[in-house]
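The values are calculated or read from the model by the stated rules, or taken from the named source; none is laboratory data. Note that the structure is predicted; figures quoted are calculated from it, not measured. As a convention, Cβ positions derive from the backbone with ideal geometry for all residues, glycine included, and neighbour counts pool all protein chains shown. To get the accessible areas, we keep the full protein, side chains included, count just its heavy atoms, and leave off ligands, DNA and RNA. Shrake-Rupley method; radii C 1.70, N 1.55, O 1.52, S 1.80 Å.
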Amino acid sequence: MSPKPSAKTLYDKIWDAHVAHEADDGTCLLYIDRHLVHEVTSPQAFEGLRMSNRKVRAPEKTIAVPDHNVPTTMGRENPASMTEESRIQVEALDKNAREFGVHYYPVSDIRQGIVHIVGPEQGWTLPGMTVVCGDSHTATHGAFGALAHGIGTSEVEHVLATQTLIQKKSKNMKVEITGQLRPGVTAKDITLSVIGATGTAGGTGYVIEYCGEAIRSLSMEGRMTVCNMAIEGGARAGLIAPDETTYAYVKGRPHAPKGAQWEAAMDWWKTLYSDDDAHWDKVVTIRGEDIEPVVTWGTSPEDVLPISALVPSPDQFKGGKVDAVKRSLDYMGLTAGQKLTDIEIDTVFIGSCTNGRIEDLRAAAAILKGKKVKDGMRAMVVPGSGLVRAQAEEEGLAQIFQDAGFEWRLAGCSMCLAMNPDQLAEGERCASTSNRNFEGRQGYKGRTHLVSPAMAAAAAVTGKLTDVREMM
Amino acid sequence: MDKFENFSGIAAPMPLVNIDTDMIIPKVFLKTIKRSGLGVNLFDEMRYDRQGNEIPDFVLNKPAYRDAQILIAGDNFGCGSSREHAPWALADFGIKVIVSTSFADIFYNNCFKNGMLPVVLPQEQVDVLMKDAEKGANARIDVNLEAQTITTSDGETFSFEVDSFKKHCLLEGLDDIGLTLEKAASIDTFEAQAAQARPWV
Ligand code: SF4
């Protein structure tokens, strides 16, 4: 192995602080500080522990919450509100969480919500930590300067049993967003634009650190939106170095350190940045001023264009992508050359771990205030957690949504992946604040356009994909 | 886990790029609490119509490919969700090897945990294998993990890279957790040091 350079990236620093064992070939056991668990990817892992008579090594570092299957309508405590299979999964989590003694937020708890919203909200996610979950959007927690990534169920079992993961180090990639965003442009537009520029495999093999003035200016909510979709760019994880914005968000949260521990933590957190002369394996720079409000037109998150653009034609692409574009235009029911702003939609979904936080709801409500959802449209808001929901009610946002004609739901993943009853019907077209526009993601033959919360609200009013700047 | 043995098998061509895990196993099948039995629902929405009838055009429904053990796929295979149900479904169907120009990270790791070998090759070589696979059931492709080679029915051989630890585990059918627990002393030491250095965690 080549000698380690003394200048380190943020990723290098967190990695080095968590290697519990390193084999000669560079395979490491990475110690895991926080393990988040939900009902879909964990039953087989807990079953595996039981079958081999193993325990959860660190139940105090393990947090479980049901989110993917749970209905988001009132009365969901009643088991009859779920399909048999969903109920079995949620009940399995309930049983496993209690039996193995991990922290647990059941549906009846106001703190329940999407696992990636609950973790930061409760102060489980802190700078410099390693965080994993059997869910690809674990990347969200990178917003705190935590090394956070998704794992498969076998790895969930591995972490439960050993509190470590077998890992080899990824390469370092820097994504710099310089300058300032223009009005109407949000964190969602940043993250989609980056994927548009690098492609969904552009980050494969890398951990991305997002930096630059435009990133520094984002709130924690916005930073979580950016890191959330690092996985859509193929990266193992996304990171943003902690700063005053981070500390202010973390301070006082139920599981954040207090008193002398807070001071000690701050001493370490303040060393968590990439050194000036650190080595980057890949660098991408985008001018903040060049980013426009964007939408996706196809069935891959890289199929992204400014709202002012036209639907592209397959012959603008190369290689295997030509057929993929033909297939996705056909699936999406679009014709090349069509204006994106002429695309009519029938459903609007605001929610998910990408855009289900309070600031997202504020941005959407700001557009909707005093307006109505277009006749015949279905529009719903699904807050990311029970606490987000409560805060939105207190701030009067819930009223704005309801007055406009939105359904005001309980917390969960909902139509982000449509495992619960919230689904698109065949051929329905949705402006969605979630993160994946794959075929069938929001329902069999459903069509998804990914947008920011403000763009989703604008689309709800006009019934078409709309440039939100015209409504500001 | 079974040991990974060298074999010669039928390869199914799937040139589409960005085949995501939602395509490999749609979410309706994630509600199981078991690992087995997902093979019939592999590629469900591409493989069956709404009534549950097979779509004859879909590659794995064609008589030549019903017993395929190898997939030759377009770029960025397995992107999207971390669901291990995707490799479970592939393995349950009988797939042992997937060849592409690149794989999504989590999917790539998940394959090894389930005794499957993902092989990354450059575009030109994947193109050759794709052509070979298109010939149907008579074109059997050889996979040799020890030698790290894959050989077309015409005898053209390509070498591939694989992490030595992952290779060792596949060949020996080793259980990761058992291996890690042998290093429990290192984990204990680390944990004790970390508790001193970062007591707030
Ligand atoms: S909101 Fe969507 S992306 Fe996020 S955890 Fe739930 S299903 Fe996954």
Carbon and sulfur atoms account, in whole percent of the 1.4 Å probe accessible area of the protein assembly as shown, for 49
GNM on chain B, Cα springs under 10 Å; top mean-square fluctuation among B:57, B:175, B:75 goes to B:57
Take the alpha carbon gyration tensor of region B:7-174, find the square roots of its eigenvalues, order them as a ≥ b ≥ c, and report rounded if a/c is under 1.5; if not, report prolate when a/b exceeds b/c, else oblate. oblate
Counting other chain Cβ atoms within 10 Å of each Cβ in B:195-201 and taking the mean gives 6
What residues does region B:69-118 have that are buried by at least 40 Å² of accessible area in the full protein assembly compared to the chain on its own, 1.4 angstrom probe? B:76, B:80, B:82, B:84, B:105, B:106, B:113
Check: C-alpha center region A:284-315 vs C-alpha center region B:1-43, spacing in Å is 31
Alpha-carbon centroids, region A:139-155 and region A:157-196: separation in whole Å: 10
Would you mind pulling out the separation of the Cα centroids of region A:393-472 and region A:24-98, in Å? 27
Per residue solvent-accessible surface (Å²) - region B:40-176, probe of 1.4 Å: 39
Build a GNM of chain B with springs between Cα atoms under 10 Å: which of B:112, B:93, B:190 gets the top mean-square fluctuation? B:190
Over chain A, relative contact order from alpha-carbon pairs under 8 Å, at least 6 apart, %: 17
Is region A:53-153 best put as rounded, prolate or oblate by its Cα gyration tensor, with a ≥ b ≥ c the root eigenvalues, rounded for a/c under 1.5, and otherwise prolate when a/b is larger than b/c, oblate when not? prolate
For residue A:6 and residue A:253 in the same chain, what is the full-extension length gain: residue separation times 0.36 nm, less their Cα-Cα distance, in nm? 85.5 nm
Quote the total accessible area buried by chains B and A together, excluding ligands, DNA and RNA, probe 1.4 Å, nearest 100 Å². 5300
Is the C-alpha gyration tensor of the protein assembly as shown telling us rounded, prolate or oblate? Criteria: a/c under 1.5 is rounded; beyond that, a/b larger than b/c is prolate, otherwise oblate. rounded
With a 1.4 Å probe and all protein chains left in place, how much accessible area per residue does chain A have, in Å²? 33
Looking at region A:194-277, which trypsin sites (Lys or Arg not before Pro) are in a loop (DSSP not H, G, I, E or B) and have at most 14 other Cβ atoms within 10 Å? A:251, A:258, A:270
Within chain B, longest stretch free of exposed GluC sites (Glu not before Pro) [DSSP loop, at most 13 other beta carbons within 10 Å]: B:6-145
Ignoring GluC sites (Glu not before Pro) buried by more than 16 other Cβ within 10 Å or outside DSSP loops, the longest site-free run in chain A is A:78-394
Which lysines, on any chain, are close to residue A:13 with Cα under 19 Å apart, when same-chain ones fewer than 8 places away are left out? A:4, A:168, A:169, A:171, A:174, A:270, A:282
Report relative contact order for region B:47-100 in percent, whole number only (criteria: Cα-Cα under 8 Å, sequence separation at least 6). 36
With a Förster distance of 41 angstrom and the Cβ-Cβ distance between residue A:310 and residue A:399, calculated FRET efficiency to the nearest 0.05 equals 0.60
Output the residues of region A:16-44 meeting this criterion: accessible area (heavy atoms, 1.4 Å probe) in the chain alone minus accessible area with all protein chains in place is 30 Å² or greater. A:17, A:20, A:21, A:25, A:29, A:31, A:40, A:44
Dividing the helical contributions, -39500 (n - 2.57) per DSSP H run of n ≥ 4, by the residues of chain B yields a 222 nm value, nearest 500 deg cm²/dmol, of -9000 deg cm²/dmol
Read phi for every residue in region A:358-365 and hand back ³J(HN,Hα) as whole Hz from Karplus 6.51 cos²θ - 1.76 cosθ + 1.60, θ = phi - 60°, with x for Gly and Pro. 4, 5, 5, 5, 4, 5, 5, 5
Mind checking A:143-154 for the average number of partner chain beta-carbons within 10 Å of each residue's beta-carbon? 4
Can you tell me the relative contact order of region B:7-174? Whole percent, Cα pairs under 8 Å, sequence separation 6 or more. 26
Positive dipole terminus of region B:76-201, leading residue within B:190, B:152, B:125 (C-beta point charges): B:190
Whenever you get a sec, line up A:173, B:46 from highest to lowest accessible area (probe 1.4 Å, protein heavy atoms). B:46, A:173
Top to bottom by accessible area (1.4 Å), largest first, where do A:408, B:88 land? A:408, B:88
Here the longest stretch of chain B that holds no trypsin sites (Lys or Arg not before Pro) in a DSSP loop having at most 12 other beta carbon atoms within 10 Å is B:51-201
For region B:6-37, which residues drop by 20 square angstrom or more in accessible area between the chain on its own and all protein chains together (1.4 Å probe)? B:16, B:17, B:18, B:20, B:22, B:23, B:27, B:30, B:31, B:33, B:35
Accessible area (Å², 1.4 Å probe, nearest 10) - residue B:153: 50
